[in-house]
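The values are calculated or read from the model by the stated rules, or taken from the named source; none is laboratory data. Everything numeric in this text was worked out from a predicted model, so none of it was measured. Note: ideal-geometry Cβ built from the backbone for every residue, glycine included; neighbour counts use all protein chains shown. Please note that ligands, DNA and RNA were not included when accessible areas were found on the heavy atoms of the full protein model with its side chains. Shrake-Rupley method; radii C 1.70, N 1.55, O 1.52, S 1.80 Å.
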Amino acid sequence: MKALSRAWLLDPSPASRGQARLGQAYLGWLKLIRNPLAVAGVVIVGALVVMAVAAPLLATHDPIAQSLPDRLLPPLSPGHWLGTDEFGRDIYSRIVYGARVTLYIVLLVTVTAPLFGLLIGVMAGYYGGAVDVALMRFTDIFLAFPRLILALAFVAALGPGIENAVFAIALTAWPPYARVARAETLTIRGADYIAAVRLQGAGSGRILVSHVAPMCLPSVIIRVTLDMAGIILTAAGLGFLGLGAQPPLPEWGLMISSGRKFLFDQWWVATMPGLAIFIVSLGFNLLGDGLRDVLDPRSASGGKG
Amino acid sequence: MRGEGGPLLEVEDLRVTFDTEAGPVEAVRGVSFTLGRERLGIVGESGSGKTMTGRSVLRLVRPPGRIEAKRMAFEGVDLLGLSERSMRTLRGKRIAMVMQDPKFSLNPVMSVGDQLTEGLRRRDRLGKADAVRRALEMLEAVQIRDPERVLGAYPHELSGGMGQRVMIAMMLIPEPDLLIADEPTSALDVTVQREVLAIMDRLVRERGMGLLFISHDLTLVSKFCDRVLVMYRGKVVEEVMADQLHAAKHPYTQGLLNCLPRVGGAREPLPVLERDPSWAE
Amino acid sequence: MALIEIDDLEVTFGSGADAVRAVRGVSISVAAKESFGLVGESGSGKSTVLRAICGLAPISGGAIRINGAALGSRRDKGFARRVQMVFQDPYASLHPKRTIDATLAEPLTIHGLGGRDKRVVSALEDVGLDPKFRFRYPHQLSGGQRQRVAIARTLMLEPEILLLDEPTSALDASVQAEVLNLLSRLRAARGLTFLMVSHDLAVIDHMCDRLAVMQQGMVVEQIDRAALADDSARDPYTRELLAASV
Ligand SMILES: Nc1ncnc2c1ncn2[C@@H]1O[C@H](COP(=O)(O)OP(=O)(O)OP(=O)(O)O)[C@@H](O)[C@H]1O
Ligand SMILES: Nc1ncnc2c1ncn2[C@@H]1O[C@H](COP(=O)(O)OP(=O)(O)OP(=O)(O)O)[C@@H](O)[C@H]1O
Ligand SMILES: [Mg+2]
Ligand SMILES: [Mg+2]
């Protein structure tokens, strides 16, 4: 089978739908990895995924097993190269397992907030008029509150826990996506290619889902990737305040929170998870910047320069 | 002090290459010309590199496109050596370009009036009333029938030809020294076209503006320009005086001329261009 | 009986003080298998007439009848199968993120028609495009190729009426000749009725039997090809257009 060779992917005259799609994706990938910073982003996010998937293999200790004799060991101690926390748990292993929690949060937020925002934004932009006004005022209400405060209020109402934290974050994260999608929709709803499908008898549902939404998707994806750092930080913040993940779950924000008490004498307890958050946030930001170059319809449309 | 004697724009051996994943694509392959305070036409079929030549002068070719030239100078200043910042001060004010696709080049969510007056207010520090007055004058000059309404309209509320004229007005407002017009009249009927060309002509004759007029309409270019470059596959295959265009020697130029329908002409299929690989060499 | 009858059509955008009367009392009728041209000043409402027929512009007065039946305010699927439109700008009329195949198959899916593969391939063949273009994206095609795809798309539903809004004004002379030849051939082969807008009198003269000249939203003259040739146009704008076009 000749599939998946470079020449097959880059064939200017693909022989099937699948080949065309894979070919476009491969071109995008080539463009992405030409940008060194984006590569760094890909590597960091990839590492996060690997860490989450292979956590049992990578971890050296049970992340929640306490061992009080080993408490507060400094980094580079034998067997605990990032040190241990106040219950003698291995910080490295907790960070590795914490990747699962972070990824879980990231995934949950990405399947909820952007989809909801996209839906609202596309409908507001496409129908215009009263629908637009109503939906955008609704969006403004959510935008008007600072994210962490609104999330706090939700969690306070719903009770602490990861799912509730994610729900709260998603509720506060969607308005910007709605705005992005609406702005994009406004510029394309009058396009001839939309008029052309309408002329073929397509209903609004079909036009919105298969013609308008795909054009808004790149901007939303870029925005989501760039926001990911903020989302991780909010989740960590909720964890830190004791409103997100609950102990003994190895959540990074929670780990910082518990390390805060020894910040001056045993700095590593709070610093190591802090570094993890920093690196992962940076990774998503770099990836988002790289994706902007690849996905931005204005730079990718090629032909007409 | 402006150098009245020397040429406005000198281009020598201009090359534009796109480094695509599938290998390099040479869009412009060694184009040279000089432009004084005159009307120079560039004609050629679609994809022959006319737009890329025009955009190169403003250094507006997007990556992965690359511009190279032995020399590309505006009033003696090397354009390729300038910083992006000095380039930005040239663009719009001294060198303006009417883009081929007004619907793409105009901002879809900003009113025509705001787009027309933006430059005047920011760059020339004109008051709102003065800027609006200038914009109205310009819209009237390009034969827009109800300029007040158009000023408040958004690009999607304009007809194809009106969009094109708004774009022209926008580029002429700062009174540039060099205007690159990329298919500026392709959506205009002959009567409006005549007026729009008259404005450009006046600017060339009275203010000594240089005009690079890109078009695929050979008849138009032969009537309007002084000299014409004929491009094929990124190269200039022929340079003729505009009024001699119908007597052009190159088979490609001849072929392009033959493709045009004529009022009262026969109804049989129009001749199409038979391309000869040797033209590209 | 005429296939397309437009009777005293009025199109007004907006309302109150900002109302724009883009079309003011236009009446034309086009017989079956005829090719009718609309020429006129830029901004005179030519595109708006076509868009009104398609339900893309707000009709404020008058009537449009297709085969005697008046069109209501909504265009249904049945309308799509009888009337299709080719847009002016081939760069703007194809969805940038869909392959040619997806674009051509879309109308078949909407109308639940089978044999998609076969129909897409034969549509490409009809407009003279190599099957290797089938899975390309629009940005991988030239302007002329894109306009062929746009024409192929309109033919998927086998309509009897094609509305053509400046189908060649974004194309260069050689490609224009190819597209015009293609349109003439398709019209002869399929017995299509054309209503074609152009600002280029020579193109209309080449393609159409009769034409209407528009200015400021009104038809100022209707004339046939023969009359154009013996210079018997009466309206000053028509004469000006003619004088500038030869
Ligand atoms: N981003 C890109 N990647 C690869 N090739 C490109 C890109 N942009 C333009 N080209 C190529 O550059 C060549 C010249 O394009 P250009 O737009 O200058 O043509 P043109 O003469 O202006 O044609 P037209 O009359 O259609 O406007 C084309 O063959 C095109 O395929
Ligand atoms: N959506 C809209 N809202 C408001 N006015 C509009 C809208 N669409 C068109 N118009 C106006 O209607 C008039 C006719 O436009 P139309 O597009 O029909 O012109 P046209 O004859 O096709 O001109 P061209 O040859 O320049 O394309 C113009 O004055 C235009 O500004
Ligand atoms: Mg061009
Ligand atoms: Mg029009």
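Below are the figures for this structure:
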{"quantity": "Alpha carbon centroid spacing (whole Å) that separates the stretch B:93-161 from the stretch A:116-185", "calculated": "36"}
{"quantity": "Highest average packing first - C:30-42, C:120-132, Cβ atoms within 10 Å", "calculated": "C:30-42, C:120-132"}
{"quantity": "Given charges at Cβ of Lys, Arg, Asp, Glu: the protein assembly as shown dipole, positive-most of B:Leu8, B:Ala242, A:Gly190", "calculated": "A:Gly190"}
{"quantity": "Whole-Hz ³J(HN,Hα) from phi, Karplus 6.51 cos²θ - 1.76 cosθ + 1.60, for the stretch A:122-132, glycine and proline x", "calculated": "5, 5, 4, x, 6, 7, x, x, 5, 4, 4"}
{"quantity": "Check: the stretch A:51-295 dipole with +1 on Lys, Arg Cβ and -1 on Asp, Glu Cβ, in debye", "calculated": "520"}
{"quantity": "Positive-pole candidate from A:Gly203, A:Ala235, A:Ala113, dipole of chain A, charges at beta carbon", "calculated": "A:Gly203"}
{"quantity": "Calculated [θ] (222 nm, deg cm²/dmol) that DSSP helices of n ≥ 4 give over chain C, each run adding -39,500 (n - 2.57)", "calculated": "-10500 deg cm²/dmol"}
{"quantity": "Total charge dipole magnitude, the protein assembly as shown, about the Cα centre, Cβ charges on Lys, Arg, Asp, Glu only, Debye to nearest 20", "calculated": "1300"}
{"quantity": "When each of B:Lys103/C:Lys97; B:Lys50/B:Lys249; B:Lys50/B:Lys70; B:Lys93/C:Lys46; B:Lys70/C:Lys97; C:Lys97/C:Lys118 is checked by Cα-Cα distance, pairs over 27 Å", "calculated": "B:Lys93/C:Lys46; B:Lys70/C:Lys97"}
{"quantity": "Within-11-Å neighbourhood charge of C:Glu240 [Cβ basis; K, R +1; D, E -1]", "calculated": "-1"}
{"quantity": "Relative packing of peptides A:236-245, C:56-65 - highest average C-beta neighbours within 10 Å first", "calculated": "A:236-245, C:56-65"}
{"quantity": "Residue among B:Ala69, B:Phe18, B:Gly54 farthest towards the positive dipole end of the stretch B:1-72, charges placed on Cβ", "calculated": "B:Gly54"}
{"quantity": "Placed amide H near B:Gly210: partners under 5 Å, 5+ positions off or other chain", "calculated": "B:Leu178, B:Leu179"}
{"quantity": "Rounded D (µm²/s) - the stretch B:123-217, Kirkwood Rh over Cα pairs, Stokes-Einstein at 4 °C, 1.567 mPa s", "calculated": "93"}
{"quantity": "Rounded percent of accessible protein surface that carbon and sulfur make up, the stretch C:91-246, 1.4 Å probe", "calculated": "47"}
{"quantity": "Interchain or long-range residues, amide H under 5 Å from B:Ala69's placed H", "calculated": "B:Arg15"}
{"quantity": "For the stretch A:252-292 versus the stretch C:171-246, the gap between their alpha-carbon centres in whole angstrom", "calculated": "70"}
{"quantity": "Net +/- balance of residues flanking B:Gly127 in space, Cβ distance below 13 Å, scoring K and R +1, D and E -1", "calculated": "+4"}
{"quantity": "Simple Cβ-charge dipole of chain B, Lys/Arg +1 and Asp/Glu -1, about Cα centre, in debye nearest 20", "calculated": "660"}
{"quantity": "Those residues of the stretch A:36-63 whose amide nitrogen sits under 19 Å from the label point placed on A:Trp81, 7 Å along Cα→Cβ", "calculated": "A:44, A:47-63"}
{"quantity": "Number of partner chain Cβ atoms within 10 Å, mean per residue of A:199-210", "calculated": "5"}
{"quantity": "Within chain B, percent of DSSP bridges classed antiparallel, to nearest 5", "calculated": "60"}
{"quantity": "Those aspartates and glutamates that a straight Cα-Cα span of less than 15 Å connects to B:Lys128, excepting residues fewer than 8 apart in one chain", "calculated": "B:Asp114, B:Glu118, B:Glu137, B:Glu148"}
{"quantity": "Estimated [θ] at 222 nm from DSSP helical runs (n ≥ 4, -39500 (n - 2.57)) normalised by residues in chain B, nearest 500", "calculated": "-10000 deg cm²/dmol"}
{"quantity": "Centroid-to-centroid separation of the stretch A:62-95 and the stretch C:37-115 [C-alpha atoms, Å]", "calculated": "70"}
{"quantity": "Relative contact order for the stretch B:192-281, counting Cα pairs under 8 Å that sit 6 or more residues apart, in percent", "calculated": "19"}
{"quantity": "Ranked by how many other beta carbons lie within 10 Å on average, peptides B:42-55, C:136-149, B:100-113 from highest", "calculated": "B:42-55, C:136-149, B:100-113"}
{"quantity": "Under 12 Å, Cβ to Cβ, from C:Arg210 - net charge with Lys/Arg +1 and Asp/Glu -1", "calculated": "-4"}
{"quantity": "Helix-only CD estimate at 222 nm, as mean residue ellipticity for chain A, using -39500 (n - 2.57) per DSSP H run (n ≥ 4)", "calculated": "-23000 deg cm²/dmol"}
{"quantity": "Cα gyration tensor category, rounded, prolate or oblate, for the stretch B:202-281 with a/c compared to 1.5", "calculated": "oblate"}
{"quantity": "Built amide H within the under 5 Å cut-off of B:Ile42, gap 5+", "calculated": "B:Phe213, B:Ile214, B:Ser215, B:Leu229"}
{"quantity": "Per-residue mean of C-beta atoms belonging to partner chains within 10 Å, peptide B:152-159", "calculated": "4"}
{"quantity": "Karplus 3J(HN,Hα) series, Hz, for the stretch C:209-220 with 6.51 cos²θ - 1.76 cosθ + 1.60 (x for Gly, Pro)", "calculated": "8, 10, 8, 10, 9, 10, 8, 6, x, 10, 7, 9"}
{"quantity": "Cα gyration tensor, chain B - rounded (a/c under 1.5), prolate or oblate", "calculated": "oblate"}
{"quantity": "With all protein chains modelled, accessible area of A:Met51 [1.4 Å, Å²]", "calculated": "50"}
{"quantity": "Mean separation of Cα contacts under 8 Å, 6 or more apart, over the residue count of chain A: relative contact order %", "calculated": "22"}
{"quantity": "Accessible area (Å², 1.4 Å probe, nearest 10) - C:Val175", "calculated": "20"}
{"quantity": "Whole-number percent relative contact order across chain C, with pairs defined as alpha carbons under 8 Å at least 6 apart", "calculated": "27"}
{"quantity": "HN-Hα J in Hz across the stretch C:107-112 - Karplus 6.51, -1.76, 1.60, θ = phi - 60°, x for Gly and Pro", "calculated": "x, 5, 5, 4, 9, x"}
{"quantity": "Per-residue mean of C-beta atoms belonging to partner chains within 10 Å, peptide C:135-142", "calculated": "6"}
